[in-house]
Amino acid sequence: MNRSADLIRTLVLALSGLALAACVPIRAPEFGPGPPPMLSPKQAKTLGPAPVRGSTARFAFAPLNGVPGDMRFQMEGDLKTFAQSRDLAIVPDGDPTATYRVVGYLSAVGDATGTLLVYVWDVTDRNGTPLYRISGQEAAGGSDTDPWAGIKTNQIDAAARATIDKLADWVQG
């Protein structure tokens with residue numbers, strides 16, 4: 001019985017040590033003077049042409065997560081506005097008439113000298129098969145606290161417009 005208790009005690013101590021070792025803080029990269037460097041060129045990646053093209057294509061955008069509420073609502077509104085200007089049909093997420101589902105990921109990265117709004121949109125068919133990826137970034141002012149504080153309306157607008165332009169180019173030929 002003591003041998004089992006000793007083994008359990010040893011395992012608990014070893015696992016506690018591993019857990020503590022994993023809690024080492026990691027510093028964010030320092031960019032120096034000026035805005036942070038661009039992460040990669042703005043580009044869209046495609047696995048081929050849009051299977052359904054033209055005005056019959058309908059896009060359902062999944063809700064954005066991890067984005068401050070006011071920016072989430074602005075992005076969702078901008079996407080709808082710019083989609084109308086490019087004749088793209090946007091339907092609610094979960095709509096069975098959707099041809100494509102679009103899942104977006106937004107991040108704010110930076111420091112007091114500059115911030116980047118980084119965005120990635122994955123387009124899938126109804127079965128979840130990846131078809132198209134849009135990625136890009138918009139430079140913004142810096143923030144001493146939360147990088148999201150450096151992101152303003154014009155960066156959200158630019159990201160939404162670029163997203164819709166790339167979707168329209170892909171689906172309209």
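The values are calculated or read from the model by the stated rules, or taken from the named source; none is laboratory data. Treat the numbers as computed from the prediction; the structure is a model and nothing was measured. We place every Cβ from the backbone using ideal geometry, glycine too, and count neighbours over all the protein chains shown.
Residues checked against (1) of a type in the set (Ser, Thr, Tyr); (2) closer than 12 Å to Leu79 by Cβ; (3) at pLDDT 95 or above:
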residue: Leu116; (1), (2), (3): no, no, yes
residue: Val120; (1), (2), (3): no, no, yes
residue: Val123; (1), (2), (3): no, no, yes
residue: Tyr132; (1), (2), (3): yes, no, yes
residue: Asp144; (1), (2), (3): no, no, no
residue: Asn154; (1), (2), (3): no, no, yes
residue: Ala158; (1), (2), (3): no, no, yes
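Here is a list: Ala98, Ala112, Ala139, Ala108. Which entry is among the hydrophobic types (A, V, I, L, M, F, W, C) and surrounded by fewer than 15 Cβ atoms within 10 Å (Cβ to Cβ)?
Step by step, each of Ala98, Ala112, Ala139, Ala108 is checked, and only Ala112 is among the hydrophobic types (A, V, I, L, M, F, W, C) and surrounded by fewer than 15 Cβ atoms within 10 Å (Cβ to Cβ).
Do the conditions hold for Ala44, that is, is it assigned to a strand (DSSP E or B), under 19 Å from the mean Cα position of the chain (by Cα) and either modelled with pLDDT under 55 or not small (Gly, Ala, Ser) (or both)?
So Ala44 passes the test.
Right, Arg101: among the basic types (Lys, Arg) and either at pLDDT below 95 or out of contact with any Gly (no Cβ under 8 Å at 6 or more places or on another chain) (or both) or not?
no
Suppose we filter the stretch 108-137 for residues that are out of contact with any Lys or Arg (no Cβ under 9 Å at 6 or more places or on another chain) and touching a residue at least 12 places away in the same chain (Cβ under 8 Å); how many remain?
Of the residues in that region, 14 qualify.
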